[in-house]
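Every number in this text was worked out from the coordinates using simple rules, so none of it is lab data. Computed from a predicted structure; not experimentally measured. So basically every Cβ, Gly included, is an ideal-geometry build from the backbone, and we count neighbours across all protein chains shown.
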Ligand code: ATP
Ligand code: MG
């Protein structure tokens with residue numbers, strides 16, 4: 001099939017297209033209407049149909065593939081590998097569901113899951129889905145403050161946590177963090193259910209409130225809990241956005257639309273059929289973990305690999321050995337992870353048999369050309385840039401090898417996924433811009449199945465955050481984009497990463513690309529800093545490929561490069577060379593915190609920060625003074 005025909009049908013005949021796609025999942029009651037759209041921008045996909053995510057991910061595969069591997073939990077941290085067939089997964093999920101029920105969790109109630117990236121976390125999610133409870137997974141790297149914020153927004157009945165996480169060999173006890181969060185929260189849950197991995201030296205339990213999962217599970221060892229059939233538009237989960245740009249929003253997902261979109265994406269985008277293996281290196285705490293570690297592969301009847309640990313430990317060959325061992329067909333990772341591997345000897349890759357690996361998808365941040373080039377060459381496989389958001393739940397821009405593989409264009413995540421009517425809008429006029437012109441990437445509603453239904457508990461915020469940016473009611477991605485004459489879209493950065501220099505509006509991402517094109521530069525972050533005369537000026541923080549390079553010389557050359565490529569107005573006012581840039585654990589640059597430090601303000605909530613040393617680096621650099629510029 002031609003990609004163009006596939007996409008066109010999804011736009012011109014959405015109801016026929018999605019009615020076909022809906023056949024890929026089991027319905028308890030078939031949908032009464034494929035699309036209800038009488039209250040825009042809200043829309044209801046598969047209205048009146050009832051279904052269940054856990055049934056589609058687990059139960060319905062028991063007959064055809066009960067003994068096939070469903071989940072593999074590989075931990076380089078504990079040295080343990082847990083393999084579960086669909087039948088074993090079914091048992092485990094039933095037991096977990098029975099335990100949740102014994103704690104009074106019913107349909108529509110929330111369960112916060114604060115766990116490391118383990119099979120147990122996936123079981124907890126599926127158990128919630130089974131009984132119609134709404135899970136809200138909070139990334140295990142978040143500290144007490146972030147956890148408390150999310151608890152107060154979701155108001156859970158139960159919080160499920162592990163005794164500890166472990167990273168780079170260091171045990172991080174979770175329970176004390178949970179206790180701190182609950183002490184701060186206005187709406188603490190009635191119970192804390194602790195899955196004890198035997199990692200924490202101590203496990204403080206508050207009698208009556210805190211319970212260990214193990215003994216409770218033993219009491220429900222043979223439990224069978226019937227699935228709760230949910231109307232397609234009832235909430236399945238809440239997942240908070242990563243909060244790179246401000247207060248996190250509780251993205252609310254539905255049941256039927258999400259299941260159908262994932263089922264479609266598994267074959268059309270990731271080219272995975274039942275029985276094949278997908279390995280996503282994300283974490284259960286992010287949207288990729290939800291969609292492509294848990295629900296997507298399982299709905300497709302595939303095997304999903306969950307990896308806990310660093311990509312370089314015990315050695316930089318570990319991911320490739322996993323690919324070889326399980327015959328991974330499609331891998332999903334992030335540019336940050338690839339940049340880490342890029343520093344290693346490519347021999348680690350070459351020594352493994354990767355004959356079954358077909359694709360590497362990369363998402364979460366812009367995929368720069370040097371990184372794309374390196375991994376494409378080192379791996380000798382198709383590397384596909386994926387653009388999407390927590391809000392959308394599945395790709396917005398991608399190439400679709402399961403339908404028709406179009407040529408890769410470096411720097412572009414490609415073409416619209418089915419159901420997405422994408423437009424590039426001039427922020428001032430609200431009109432569509434032409435090919436090659438820059439605008440805001442927008443989605444013409446109704447949003448396709450799988451995208452958020454609303455912001456949890458706040459329909460007003462849903463409209464205000466996403467649908468109030470243009471004269472027309474369009475979903476704003478809040479990202480800049482350019483579409484070329486072939487329809488390939490290039491993402492240029494976030495709309496709030498724009499700085500205003502003496503009346504000129506400049507995208508920090510464009511300046512970053514220009515700085516990064518200098519051969520000495522490993523990575524760069526550009527922010528706008530207040531300036532009495534110009535309003536704002538661009539300031540660069542950069543890391544060098546060779547730490548022994550001459551920082552002053554490189555910094556001066558970066559300034560020249562930007563002037564030459566983008567014009568004098570974009571010329572950075574100061575360049576600081578540092579050893580590390582502050583990033584979140586998901587690899588996103590914390591420009592907001594950089595900017596605050598540069599303006600001598602409080603850097604704000606730093607619990608998403610990956611490496612606290614990076615922030616110290618920046619503080620020291622600011623004290624020391626710029627390597628080039630004033
Ligand atoms: P918040 O919305 O709370 O500030 P966030 O936007 O960082 O957090 P996510 O939903 O995890 O949270 O990230 C989605 C954003 O990541 C996109 O809007 C885009 O800016 C960026 N992004 C994701 N994939 C790509 C990609 N392939 N190329 C360029 N940018 C990408
Ligand atoms: Mg966002």
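General remarks:
- Residue 1-residue 376 FRET efficiency (beta carbon distance; Förster radius 35 Å; 0.05 resolution): 0.85
- Each of the peptides 510-518, 12-20 was scored by the mean count of other Cβ atoms within 10 Å over its residues; in descending order, highest first, they stand as 510-518, 12-20.
- Against the chain, whose longest principal axis comes from its Cα atoms, helix 175-184 is set at around 80 degrees.
- Taking the C-alpha atoms only, the angle from helix 3-12 to the longest principal axis of the chain is near 70 degrees.
- Per residue, the Cα convex hull of the range 470-524 amounts to 135 Å³.
- By the beta-carbon count within 10 Å of each Cβ, the least crowded to most crowded order of 125, 331, fewest first, is 331, 125.
- Residues 531, 610, 254 arranged by fewest to most Cβ contacts within 10 Å: 531, 610, 254
- Set of the range 305-319 residues, backbone N closer than 12 Å to the point 7 Å along the Cα-Cβ line of residue 351: 315-318
- Sorted by Cβ density within 10 Å, fewest first, the residues 34, 238: 34, 238
- With a Förster radius of 41 Å applied to the beta-carbon distance between residue 623 and residue 184, the computed FRET efficiency rounds to 0.80.
- Maximal additional length on extending the residue 340-residue 219 stretch stands at 39.1 nm, based on 0.36 nm per residue less the C-alpha distance.
- Taking the centroid of alpha carbons for each part, the range 115-138 and the range 428-487 are 31 Å apart.
- Angstrom value of the Kirkwood radius, inverse mean 1/r, which spans all Cα pairs in the range 247-384: 15.5 Å
- Relative to its residue count, the range 248-288 spans a Cα convex hull of 100 Å³ per residue.
- The simple Förster model, with R0 at 56 Å and r as the Cβ-Cβ distance, assigns residue 196 and residue 565 a FRET efficiency of 0.50.
- Alpha-carbon Rg/Rh ratio, for the chain, with Rh computed the Kirkwood way: 0.95
- Taking 0.36 nm per residue of sequence separation and removing the Cα-Cα distance, the residue 463/residue 11 pair yields an extension gain of 160.4 nm.
- Whether the range 187-251 is rounded, prolate or oblate, judged on the alpha carbon gyration tensor where a/c under 1.5 counts as rounded: oblate
- Here the label points at residue 473 and residue 580, each 7 Å from Cα along the C-beta direction, are separated by 4.7 nm in the simple model.
- Every Cα-Cα pair in the range 112-238 was counted, and those over 26 Å apart are 19% of them.
- Taking label points 7 Å from Cα along the Cα-to-Cβ direction, residue 532 and residue 606 give a separation of 2.9 nm.
- With eigenvalues of the C-alpha gyration tensor scaled by 5 and rooted, the range 519-562, Å: 23, 10, 8
- Cα gyration tensor, the range 474-630 - rounded (a/c under 1.5), prolate or oblate: rounded
- Restricting attention to the chain, close to 60% of DSSP beta bridges with both partner residues there are antiparallel.
- Evaluated at q = 0.11, 0.14, 0.16 Å⁻¹, a Debye calculation over the C-alpha positions of the range 335-470 (equal weights, vacuum) places log10 I(q)/I(0) at -0.53, -0.79, -0.95.
- Estimated D of the range 431-527 in µm² per second, where Rh is the Kirkwood radius over Cα pairs and Stokes-Einstein applies at 20 °C, 1.002 mPa s: 138 µm²/s
- For residue 273 and residue 596, the difference between the fully extended length at 0.36 nm per residue and the C-alpha to C-alpha distance is 111.5 nm.
- The distance from the alpha carbon centre of the range 166-223 to that of the range 554-630 is 39 Å, rounded to a whole number.
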